[in-house]
Amino acid sequence: MKNITLGFDIIIVALSLWVLLKLLGWRGLMGKSFVMIGVGAVIIGFSQILETLCIIFSLMDISIIEIIHRAFLLTGLVFIALGFRKFLEVR
């Protein structure tokens, strides 16, 4: 089961990086907002794989892993929210 979870996490990271690379081509204020959204997606993707790897290798207590995971998720969502906010300012 851990291999399946790790496989999905790798796919999530790869897709989030792909999204960011596609958004990096945009310029101007809209480009900045899209890049912030893409960075948020990458942070969320890496939070998933970081959590899985910490659990697989038992690097920390599970409650600490979950707190760190949620902190990364919150950071990624803040980037996404700020990106959408900036996007709405452009409109």
Can you give me the number of residues within the range 1-33 that are surrounded by 11 or more Cβ atoms within 10 Å (Cβ to Cβ) and farther than 23 Å from Ile49 by Cβ? 6
Would you mention how many residues in the range 42-68 are at pLDDT 90 or above, in a loop (DSSP other than H, G, I, E, B) and surrounded by 13 or more Cβ atoms within 10 Å (Cβ to Cβ)? 0
Identify the residue in the range 16-30 that is out of contact with any helix residue (DSSP H, G or I) (no Cβ under 6 Å at 6 or more places or on another chain) and not aliphatic (A, V, I, L, M) and, among all such residues, is modelled with the highest pLDDT. Trp18
Within the range 69-88, is even one residue buried (at least 17 other Cβ atoms within 10 Å of the Cβ), part of a helix (DSSP H, G or I) and more than 14 Å from the chain's Cα centre (by Cα)? yes
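The values are calculated or read from the model by the stated rules, or taken from the named source; none is laboratory data. Bear in mind that the values here come from a model prediction, so they are computed numbers and not experimental data. Note that each Cβ is placed from the backbone with ideal geometry, even for glycine, and that neighbours are counted across all protein chains shown.
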